[in-house]
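S.K.: Have a look at this one.
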Amino acid sequence: MGEGAVKRAAFPYLLLSPAFLFVVTLAFFPIAYSFWLSLHRIVFVLPHLGESFIGLENFARLLQDTRAWQALKFTLLFVGTTTLSELFLGLLLALALHQPIFGRGLIRAIILIPWAIPTVVSSQMWRFLFNDQYGFLNLLFFGNHPELYRAFLAEPISAMVAVMAVDIWKTTPFCALILLAGLQTIPQELYEAAKVDGAGRWRQFVHITLPMLRPTIVLALLFRTLDAFRVFDSIYVMTQGGPADATLVLQFYGYKKMFAEGLLGYGAAISVVIFLFSLVVSIFYLRLIFLKK
Amino acid sequence: MAQVRLEKVNKYFGNVQAVKDFSVSAYDGELLVLVGPSGCGKSTLLRLIAGLDEVSGGEIYIGHRLVNYLPPKDRNVAMVFQSYALYPHLNVYENLAFGLRMRRVNRDEIEKKVEEVAELLGIEQFLSRRPRELSGGERQRVAMGRAMVRDPDVFLFDEPLSNLDAKLRIQMRKEIKTLHQRLRKTLIYVTHDQIEAMTLADCIVVLSKGEIQQTGTPLELYHQPANLFVASFIGSPSMNFLEVVVEGGHRLLLRKTGIVLPIIKKWEETLAPYKERVLILGIRPEDIFMVSEGQGLSVNVELIEPVGAENYFYLKLAGVPLVVRGVAKMTLEIGKTAQISFNQEKFHFFDSQTGKRV
Amino acid sequence: MSPTKKKTFFSCLIIGVVFLYLIPYMWFGLASFKSQRTLTAIPPVIYTHQLTLHSYHVAFQQKDLLLYLKNSAIVAILATLGSIALGVLAAYPLARLKIRGKNLFLLLFLTVSMFPQMALVGPIWRIMRTLGWLNTYQGLIFPYITLTLPLAVWILVRFFEQLPQEIEEAALVDGCTPLKALWKVILPLAAPGVFTAAILIFIYAWNEFFFALLIMTYPARHTLPVGIALFPGEYTMPWGEIAAASVVATIPLICLVLFCERYIISGLTAGAVKG
């Protein structure tokens, strides 16, 4: 082969290489590094202890760690509740937006804003709204009776509900817009044919809309589930995992262990657990997409 | 001196061989047509000549240069794509000027050439418009203009007329022919339409499944088809085919009909080695005649297609279908019988196994 | 349900939704203009004539809001440029040239977007520390580029694939090298896709918190999200200033959303909707 031909054949790979390099060094290598770290005992503030290899001891400790289990439980609750709510409410919203109504574009923009602004800003905003003294919600619920005001974020159950509600508030529009796009690809003729065949609105929904939306729903679920597992920003700002670990989530717990307490190895073990959960979830969903194709 | 020469060119896509041992020369200024059904490899060959794909084996020469390893931009060829491939974000002037800009021709020179070509093709009023504002025929002219402006060694046209309606196609065909006569540059033209091939070409290469079936002038291909494929591909309506057995040394038995024809002197020598063998007899629709009652072979008239000055008569000769071209004045009726006779001088014989001409 | 009933139901739903999403902002936005006294009034006061820019004043003068703004802008813009550049270079061959294992590369990029930040942040922090890049712009920009590459590649591949195959080849025959063909023909036509990807990446980089929190620990290097989350308050939470900072942080984004809403949606749905 001529020299020019070799250059031409290598050209695509050459273009691909910078992106590939970035991804390998700053994504794949760190993941592998996390696994490696999780097998060691590293205390950041005590460097003289060195970095001893301790095998799976971090994981064994993790299994005994009640706070970790607490975090796992709430994380799972969080994931399940928010994802399903966002899907359901998002679908409702998408169906509403699918109708020809005035100002659709503007409405879409308005509900898109929570997604577009930093989560910490939304979280601060809601923290202010939940405030036990000058919060708008207390005003709304209890009017001018400050003695009835509740500290929503200081009570375990209401804190959990509040944190989940904020996530649902923030993300439902995003789901709605994705589902709306999916709705818009369903050809009108299908509905017309069904109408001719005598199907009412409900049956049209169940037999046409839902099946056609299936790939979109699964994809939306995939990304939402993964994002819900990784929740951090809102917990950090609104509750810091409290009160009394009621709203502790896995990533926040890992953060505390790794950066607040300097236990790099232990924190890494937690991150490995989160990674494995994400992996299982991803495989589950991807199989759903690819098997049904 | 050949302007484009391909020697034993092979092209594999994975395990599929798209082009087999292709060897052809196009002389300077020749209009060479590659024709064949879809999938025969003709577009692949054009792309190989242009450098858009690499050959798996063999050599391609443009002028004296071996161009196998040259990228498209260094081969000095210009190509008109089937979809025209005009740059949507540029206006017509910029489309035409693009190639010259790439070669760093100075602005005045570009302006001169672009205006010259635009006038030649009748598109000077579109120069400031975008491709999407033009009709199919206009876009096609711009595509040709883009190729012409560069004054290349070789023009490559990939089915340029396929996307046009019938009338426009005929008109553009004439214009391409006229243009080529004026430019006198080597033009390699790919089409699946055998009429286009016959009317445009100086030389035709008929392809099937990546292999050359025959190379020759239009008349050569028409009168002396080298095999069954070429015989059936060229000519419209297609050649009629009948199975025959050479009996004795002097008779042809038309199989399935029981009809026997004497072998005329012209064919005696050719058919001598094929005694008792089955051959395929080919006869073109215009070489079959209607004769008066009682004189020829009896046929049933199944269908008459009037095409203006002529009719196409679809007949059955003892169950074997035949097409005959006849003058429209002939009074034949569907369902009735008629008499035909063959012009035996115009018989074509093909080996029933290899398909090759005998 | 009859059509009119359905319409009213959905209309009410929409109106309710709009309120649900507008009121929190309005309350918070209004808070940024309230005086400290009005803010801390119990029970809360909805409307007051005494609107003031005091909170903004404090936020900018005393609390380095301008600095946070500058940091966010630099990091977000450079990360966007970097990610787009690398994304275009990667998406072009994947979409239009012959690559062995194309699907593998695409899957690779996709999986990166599924990694939990927690699993990446520790090692990346260590890497940055070794390089001496903690509290530098590049220390944050490089991870951002990596994290947004999947998004960029995903969107750009889709846009590139939709362009007609032959115009590229026409450019090659007309005298372009493959790189020139990319630059002069493909990119101008893929501009909407590039723009869409750029907007989404910018939003991500501007809003990102976790990495910014851990890599930019000096207050002078805080980005807006970090600054707003850690807003120092001695005795009480300085809600007015937090609100003011939030308004400042979100105005660019709100403008972006209002003007480029169509691009954003097309980008978000590029992967989600098959077609």
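S.K.: Can you compute the label reach from A:ALA244? Point 7 Å from Cα along the Cβ direction, backbone N cut-off under 11 Å, restricted to segment A:148-190.
M.R.: Backbone N within reach: A:155-157.
S.K.: Between B:ALA309 and C:HIS54, what's the calculated FRET efficiency when r is the beta-carbon distance and R0 is 56 Å? Round to 0.05. All intermediate terms of the calculation are to be shown ahead of the outcome.
M.R.: Working: r = 97 Å, r/R0 = 1.73.
Taking R0 as 56 Å, the efficiency between B:ALA309 and C:HIS54 is 0.05.
S.K.: Name the residue, out of B:PRO152, B:PRO88, B:PRO285, whose mean-square fluctuation peaks in a Gaussian network model built on chain B with Cα pairs under 10 Å.
M.R.: Of the options given, B:PRO88 has the highest mean-square fluctuation.
S.K.: Give, as a single signed number, the net charge of other residues whose beta carbon lies under 12 Å from the beta carbon of A:GLY105, with Lys and Arg counted +1 and Asp and Glu -1. Provide the component values of the computation, followed by the final result.
M.R.: Numbers: positive: A:ARG104, A:ARG108, C:ARG262; negative: C:GLU261.
So the environment of A:GLY105 carries a net charge of +2.
S.K.: Hey, fewest Cβ within 10 Å first, where do B:GLU243, C:GLU169, A:GLU147 land in order?
M.R.: A:GLU147, B:GLU243, C:GLU169
S.K.: Report the label-to-label distance for B:GLU116 and B:ARG255 in nanometres (one decimal), using points 7 Å from each Cα along the Cα→Cβ vector.
M.R.: 6.2 nm
S.K.: Per the Kirkwood definition applied to all pairs of different Cα atoms, how many angstroms is the hydrodynamic radius of segment B:2-233? Mind dumping the intermediate values first?
M.R.: Details: mean 1/r = 0.0551 Å⁻¹.
Computed over Cα pairs of segment B:2-233, the Kirkwood hydrodynamic radius comes out at 18.1 Å.
S.K.: With a sphere of radius 15 Å drawn around the Cβ of B:VAL142, what net charge do the other residues whose Cβ falls strictly inside it have (Lys, Arg +1; Asp, Glu -1)? Kindly include the intermediate steps, with their values, before the conclusion.
M.R.: Working: positive: B:LYS113, B:ARG129, B:ARG130, B:ARG132, B:ARG139, B:ARG141, B:ARG146, B:ARG150; negative: B:GLU94, B:GLU115, B:GLU116, B:GLU119, B:GLU124, B:GLU133, B:GLU138, B:GLU175, C:GLU166, C:ASP174.
That sum, taken over residues with Cβ under 15 Å, equals -2.
S.K.: If you don't mind, there's one more thing I want to ask. As I understand it, the dipole of the protein assembly as shown uses +1 on the Cβ of Lys and Arg and -1 on the Cβ of Asp and Glu, about the Cα centre. Which of C:ILE167, C:VAL58, A:VAL196 lies farthest toward its positive end?
M.R.: It is C:VAL58.
S.K.: Can you give the mean number of other chain Cβ atoms that lie within 10 Å of the Cβ atoms in peptide B:42-54?
M.R.: Numbers: counts 0, 0, 0, 0, 0, 2, 0, 0, 3, 4, 6, 2, 5.
That average works out to 2.
S.K.: Let me ask something else. Order of B:TYR312, C:TYR25, C:TYR92 from fewest to most other C-beta atoms within 10 Å?
M.R.: Least to most surrounded, the residues fall as B:TYR312, C:TYR25, C:TYR92.
S.K.: I would also like to ask the following. Using R₀ = 22 Å, calculate the FRET efficiency as 1/(1 + (r/R₀)^6) where r is the Cβ-Cβ separation of B:VAL291 and B:HIS223; round to 0.05. Walk me through the numbers on the way to the answer.
M.R.: On the way: r = 24 Å, r/R0 = 1.08.
Working from the Cβ atoms, E equals 0.40.
S.K.: Net charge around A:LEU37, counting only other residues with Cβ within less than 14 Å of its Cβ (Lys, Arg = +1; Asp, Glu = -1)? Present the calculation step by step, with values, prior to reporting the outcome.
M.R.: Details: positive: A:ARG41, A:LYS257, C:ARG126, C:ARG129; negative: A:GLU51, A:GLU57.
Cβ neighbours under 14 Å give a net charge of +2.
S.K.: Here's a follow-up. How large is the charge dipole for segment C:64-272, taken about the Cα centre, if only the Cβ atoms of Lys, Arg (+1) and Asp, Glu (-1) carry charge, to the nearest 20 debye? Don't skip to the end; give the middle numbers.
M.R.: Numbers: 12 positive and 10 negative charges, 110 e Å.
Once rounded to the nearest 20, the dipole reads 520 debye.
S.K.: Which shape class, rounded, prolate or oblate, goes with segment C:64-272 when its Cα gyration tensor gives a ≥ b ≥ c as root eigenvalues, a/c under 1.5 marks rounded, and past that a/b bigger than b/c marks prolate? List each step's numbers first, then the result.
M.R.: Numbers: a/c = 2.55, a/b = 1.86, b/c = 1.37.
Prolate shape, in that a/c is at least 1.5 and a/b is the bigger ratio.
S.K.: Compute the FRET efficiency between A:ARG201 and C:ILE251 as 1/(1 + (r/R0)^6), taking r as their Cβ-Cβ distance and R0 = 41 Å, and round to the nearest 0.05.
M.R.: 0.45
S.K.: Still on this structure, please answer the following. How would C:THR8, A:THR209 line up from fewest to most surrounding beta-carbon atoms within 10 angstrom?
M.R.: Details: C:THR8 12, A:THR209 19.
By the 10 Å Cβ count, ascending, the order reads C:THR8, A:THR209.
S.K.: Something else now. Which of the three applies to segment A:119-216, rounded, prolate or oblate, going by the alpha-carbon gyration tensor with a ≥ b ≥ c and a/c under 1.5 meaning rounded? Each step should come with its number before you reach the end.
M.R.: Numbers: a/c = 4.09, a/b = 2.86, b/c = 1.43.
Judged from the Cα gyration tensor, segment A:119-216 comes out prolate (a/c at least 1.5, a/b above b/c).
S.K.: Find the Rg to Rh ratio for the protein assembly as shown, where Rh is the Kirkwood radius over alpha-carbon pairs and Rg uses the same atoms.
M.R.: On the way: Rg = 38.0 Å, Rh = 33.9 Å.
Here the Rg-to-Rh quotient is 1.12.
S.K.: According to a simple spin-label model (label point 7 Å from Cα along Cα-to-Cβ), what is the distance in nm between C:ILE42 and A:LEU21?
M.R.: Going by the 7 Å Cα→Cβ label model, 6.0 nm.
S.K.: Which is farthest toward the positive dipole end of chain B among B:GLN353, B:ILE195, B:ALA78, measuring Cα position about the Cα centre, with Cβ charges +1 (Lys, Arg) and -1 (Asp, Glu)?
M.R.: The residue sitting farthest along the positive end of the dipole is B:ALA78.
S.K.: Among the listed pairs B:LYS20/B:LYS256; B:LYS20/C:LYS184; B:LYS113/B:LYS174, which are separated by more than 26 Å between their Cα atoms? Can you show the working numbers first?
M.R.: On the way: B:LYS20/B:LYS256 37 Å; B:LYS20/C:LYS184 36 Å; B:LYS113/B:LYS174 23 Å.
Violating the 26 Å Cα-Cα cut-off are B:LYS20/B:LYS256; B:LYS20/C:LYS184.
S.K.: With an 8 Å Cα cut-off and a minimum separation of 6 or more residues, compute the relative contact order for chain B in percent. Display every interim value, and only then the final one.
M.R.: Numbers: 713 pairs, mean separation 55.5, N = 358.
For chain B, the relative contact order is 16 percent.
S.K.: Same structure, new question: Please report how far the C-alpha centroid of segment A:251-293 lies from that of segment B:337-358, rounded to the nearest whole angstrom.
M.R.: 78 Å
S.K.: A further question follows. What stretch of chain B, leaving out the sites themselves, is the longest with no trypsin sites (Lys or Arg not before Pro) in a DSSP loop having at most 15 other Cβ atoms within 10 Å? The partial results should precede the final answer.
M.R.: On the way: sites that count: B:ARG103, B:ARG104, B:ARG129, B:ARG184, B:LYS209, B:ARG255, B:LYS256, B:LYS275, B:ARG277, B:LYS329, B:LYS336.
Longest site-free region, per DSSP loop and neighbour criteria: B:1-102.
S.K.: Given bins 5 angstrom wide, list per bin the percent of all Cα-Cα distances in segment C:164-263, short to long.
M.R.: Going out from 0 Å in 5 Å bins, segment C:164-263 shows 2, 11, 14, 13, 12, 10, 9, 8, 7, 6, 4, 2, 1, 1, 0 percent.
S.K.: Label A:ARG287 and B:ARG325 with points 7 Å out from Cα along Cα→Cβ: what is the distance between them in nm?
M.R.: 6.7 nm
S.K.: Let's see if you can work this out: charge +1 on each Lys and Arg Cβ, -1 on each Asp and Glu Cβ, no other charges. What is the dipole magnitude of segment B:2-233 about its Cα centre, in debye to the nearest 20? Write down the numbers at each step before the final one.
M.R.: Working: 31 positive and 29 negative charges, 72 e Å.
Approximately 340 debye in magnitude.
S.K.: Still on this structure: Could you give the size of the charge dipole of the protein assembly as shown about its Cα centre, using +1 on the Cβ of each K and R and -1 on the Cβ of each D and E, expressed in debye and rounded to the nearest 20? Don't jump to the answer; show the numbers that get you there.
M.R.: Details: 87 positive and 69 negative charges, 175 e Å.
Magnitude of the dipole: close to 840 debye.
S.K.: Can you give me the P(r) profile for segment B:62-114? Cα pairs, bins 5 angstrom wide beginning at 0, each as a whole percent.
M.R.: It works out to 4, 16, 22, 20, 20, 12, 6, 0, in whole percents.
S.K.: Tell me which residues come under 5 Å, amide H to amide H, from A:HIS40 once H is placed; ignore anything under 5 positions away on its chain.
M.R.: Answer set, sorted by chain and number: A:ILE54.
S.K.: I would also like to ask the following. How would you classify segment A:29-292 from its alpha-carbon gyration tensor, with a ≥ b ≥ c the square roots of the eigenvalues: rounded for a/c under 1.5, else prolate if a/b is greater than b/c, otherwise oblate?
M.R.: Working: a/c = 2.81, a/b = 1.45, b/c = 1.94.
Note, shape of segment A:29-292 comes out oblate.
S.K.: Another question, if that's okay. Which one, B:ALA272, B:ALA318, B:LEU242, projects farthest toward the positive side of the charge dipole computed for segment B:240-351 from Cβ point charges (K/R +1, D/E -1)?
M.R.: B:ALA272
S.K.: Taking Cα pairs under 8 Å and at least six residues apart, what relative contact order does segment A:29-292 come out at, in percent? Present the calculation step by step, with values, prior to reporting the outcome.
M.R.: Working: 314 pairs, mean separation 83.8, N = 264.
Reported as a whole number, the value is 32 percent.
S.K.: Moving to a separate point now. Would you grab the residues whose amide H sits under 5 Å from the one on B:TYR12? Only those 5+ places off in sequence or on another chain, please, with H modelled 1.01 Å from N.
M.R.: Correct list: B:ALA18, B:SER56.
S.K.: Tell me the volume per residue, in Å³, of the convex hull enclosing the alpha carbons of segment B:240-351. Please report the intermediate quantities before stating the final value.
M.R.: Numbers: hull volume 10.8 nm³, N = 112.
Spread over its residues, the Cα hull of segment B:240-351 gives 96 Å³ apiece.
Read-outs: derived from the displayed coordinates by stated rules, not from any lab. Not measured: the values here are computed from a predicted model. Backbone-built Cβ (ideal geometry, glycine too); neighbour counts: all protein chains shown.
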